[in-house]
2 protein chains.
Amino acid sequence: MTEGWIAIAGLGPGDEMLVTPQVTAALDAASDIVGYIPYVARIAPRAGLTLHPSDNRVELDRAAHALDMAAAGKRVVVVSSGDPGVFAMAAALFEALETGPAHWRNLDIQVLPGITAMLAASARAGAPLGHDFCAINLSDNLKPWPLIEKRLRLAAEADFAMAFYNPRSKARPEGLARVLDVLREACGADRPILFARAVSTPQEELRIVSLGEARADMADMRTMVIVGSSLTRIIDRPTRPILYTPRSAV
Amino acid sequence: MTEGWIAIAGLGPGDEMLVTPQVTAALDAASDIVGYIPYVARIAPRAGLTLHPSDNRVELDRAAHALDMAAAGKRVVVVSSGDPGVFAMAAALFEALETGPAHWRNLDIQVLPGITAMLAASARAGAPLGHDFCAINLSDNLKPWPLIEKRLRLAAEADFAMAFYNPRSKARPEGLARVLDVLREACGADRPILFARAVSTPQEELRIVSLGEARADMADMRTMVIVGSSLTRIIDRPTRPILYTPRSAV
């Protein structure tokens, strides 16, 4: 009963060729898999493995369930898409750990990194995050709009490239339109922006436009949005263009 | 002679269990491997594979060499540690492509993402990048100090967690001390800071201190430095502490 453990594992953006061997080994050793329904659906059922899919917006309950099972001796993998440490389950699990029973702190807990969406999208487009950049979660339920707007304006002033997670949510569909308005004002209409949908899956679609052309309906819930810095540029090619940010700011 | 291609591949932070199957497949299919000496040293020699290790600070020459070989029909993998799109070879290769001969633009060029150092370090420490964050390259030869200082102050005002690549370089050893001075002024002495050295290798060392206690000699050229946001906190445990940033800013 003391052999339980938890691994919080990143499954990457979708393609199984982007799942690390470390994560695959943890999944092979697990007795229980916990996570949001579409992520658990990526795990092949097998004898001795129990799948516990749950809806989103129940991250803390899911985390407590995982911790309880590990305390009872189970070998638990909590699955996230992308990297578990970037706007995903690792922080939720530690929130539950911090406020939960003291004995949870004795558990063997590992975070297993994965290919996060912004780096998968960046790789497919070229290298838009090749110089200094920031990552901002636009999900509506975790911070107020004035804080998002403040961060956008400061990031533009710092001339960071910017990667946006969760650009469109059902609860606040107008959010991305406001973000694009602020970015046009702060960065100008010519700045390139990438909409990268369902990267690494058969549904993948990449679109590079200017901020002046960008519209909120170019993103859905599977889209990663990346805005370039003042130095980001496009190399035209016979096939598809390359979007990249040079290494040097001088 | 038209079968050549280039893959710019991320080898992750060091542990072979963190190399994606996609990168392994590209290495297996390659005829030529190009990269900085210690990264090429990670590739097992085999019949039919030519290794081209080169010194650092010759990224553009290396990129041109790789493009030339691909144009001549070779199957070339350019290796980076971590992720090739984060302060690594992808941007250098596109700089060479942009200014090089037009026929290079017909080449088959793919960027294959990897586990970048900040996410490997974050996973080992907990989830310090679990809310909005930025990534800044402190390497001395790519931007002037006033720009670094401006970005530090704006990132602190935006209350981003911050990940620093290349915190110490031989050419400017005093740089990190200046960075720490600015951060103490902008974020206060109590803010936690992580020094994560050689993550995922046998030499791995993690140290979490306050900015007030932080000293530049806690980092060397293999260290990733992460400074928390105002919300980042430490969970004490019988084994090692967990450093994490909650998901919500409200």
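The values are calculated or read from the model by the stated rules, or taken from the named source; none is laboratory data. Remember, predicted model here, so these are calculated numbers, not experimental data. Here the Cβ is made from the backbone with ideal geometry for all residues, glycine too, and neighbour counts use every protein chain on show.
Just one of (1) in a strand (DSSP E or B); (2) within 13 Å of chain B (Cβ to nearest Cβ); (3) within 17 Å of A:LEU243 (Cβ to Cβ) fails for A:ILE208. It is (2).
When the residues of segment B:211-229 are filtered to those that are over 17 Å from B:PRO241 (Cα atoms) and in a strand (DSSP E or B), the one that is farthest from the chain's Cα centre (by Cα) is B:THR223. Residue under question is B:SER229, and the condition is that it be within 12 Å of another protein chain (Cβ to nearest Cβ), modelled with pLDDT of 95 or more and closer than 28 Å to A:LYS143 by Cα; does it hold? In short, yes.
In segment B:2-26, the residues that are more than 7 Å from chain A (Cβ to nearest Cβ) and closer than 17 Å to A:GLU16 by Cα form no Cβ pair under 6 Å with any partner that is modelled with pLDDT under 95 and not in a loop (DSSP other than H, G, I, E, B), whether six or more places apart or across chains. Considering only residues in segment A:109-132 that are among the polar types (S, T, N, Q) and not in a loop (DSSP other than H, G, I, E, B), the one that is farthest from B:PRO246 (Cα to Cα) turns out to be A:SER122. Restricting to segment B:108-131, name every residue that is among the polar types (S, T, N, Q) and either farther than 21 Å from A:PRO21 by Cα or more than 8 Å from chain A (Cβ to nearest Cβ) (or both). Correct list: B:GLN110 only. In the set (1) touching a strand residue (DSSP E or B) at 6+ places or on another chain (Cβ under 9 Å); (2) within 11 Å of another protein chain (Cβ to nearest Cβ), B:SER248 fails one condition alone, (1). Within segment A:232-244, residues that are at the interface with another protein chain (Cβ under 9 Å from one of its Cβ atoms) have Cβ atoms under 9 Å from residues that are of a type in the set (Asp, Glu) and surrounded by 12 or more Cβ atoms within 10 Å (Cβ to Cβ) in these pairs: A:ARG233/B:GLU98; A:ILE235/B:GLU98; A:THR239/B:ASP108; A:ILE242/B:GLU98; A:TYR244/B:GLU95; A:TYR244/B:GLU98, counting only partners at least 6 apart in sequence or on another chain. Considered as a group, the residues in segment B:60-74 that are in contact (Cβ under 8 Å) with a residue 60 or more places away in the chain and crowded, with 19+ Cβ neighbours inside 10 Å include one that is farthest from A:ILE234 (Cα to Cα), and that residue is B:LYS74. Of all residues in segment B:38-69, those satisfying the criterion of being assigned to a helix (DSSP H, G or I) and within 15 Å of B:ALA9 (Cα to Cα) are B:PRO38, B:TYR39, B:VAL40, B:GLU59, B:ARG62, B:ALA63, B:ALA66, B:LEU67. Cβ-Cβ contacts under 6 Å between residues 6 or more apart (or on different chains), taken from a first residue in segment B:40-59 that is assigned by TED's automatic domain parsing to the domain that holds B:SER80 to a second residue that is hydroxyl-bearing (Ser, Thr, Tyr) and part of a strand (DSSP E or B), are listed as B:ASN56/B:TYR36.
Tell me, which residue of segment B:77-108 that is in a helix (DSSP H, G or I), of a type in the set (A, V, I, L, M, F, W, C) and in contact with a strand residue (DSSP E or B) (Cβ under 7 Å, 6 or more places away or on another chain) is surrounded by the most Cβ atoms within 10 Å (Cβ to Cβ)?
At the first step, the residues of segment B:77-108 found to be in a helix (DSSP H, G or I) are B:89-99, B:102-106.
Retained after the next criterion (residues that are of a type in the set (A, V, I, L, M, F, W, C)): B:89-94, B:96-97, B:102, B:104.
From what is left, the residues that are in contact with a strand residue (DSSP E or B) (Cβ under 7 Å, 6 or more places away or on another chain) are B:89-91, B:93-94, B:97.
Numbers: B:MET89: 28, B:ALA90: 33, B:ALA91: 26, B:LEU93: 31, B:PHE94: 26, B:LEU97: 22.
Here the answer is B:ALA90.
The set of residues from segment A:138-191 being crowded, with 22+ Cβ neighbours inside 10 Å and assigned to a strand (DSSP E or B) comprises A:ALA161, A:MET162, A:ALA163, A:PHE164. Of the residues in segment B:242-250, at least one is modelled with pLDDT under 95, out of contact with any His (no Cβ under 7 Å at 6 or more places or on another chain) and farther than 26 Å from A:HIS103 by Cβ.
Yes/no per residue for (1) closer than 19 Å to A:GLN22 by Cβ; (2) at pLDDT 95 or above; (3) within 14 Å of chain B (Cβ to nearest Cβ):
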| position | (1), (2), (3) |
| --- | --- |
| A:PRO45 | no, yes, no |
| A:ARG57 | no, no, yes |
| A:HIS65 | no, yes, no |
| A:MET69 | no, yes, no |
| A:ARG75 | yes, yes, no |
| A:SER80 | yes, yes, yes |
| A:ALA90 | yes, yes, yes |
| A:GLU95 | no, yes, yes |
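Of all residues in segment A:232-241, which are outside any strand (DSSP E or B), over 25 Å from A:LEU18 (Cβ atoms) and at pLDDT 95 or above? Result: A:ASP236, single match.
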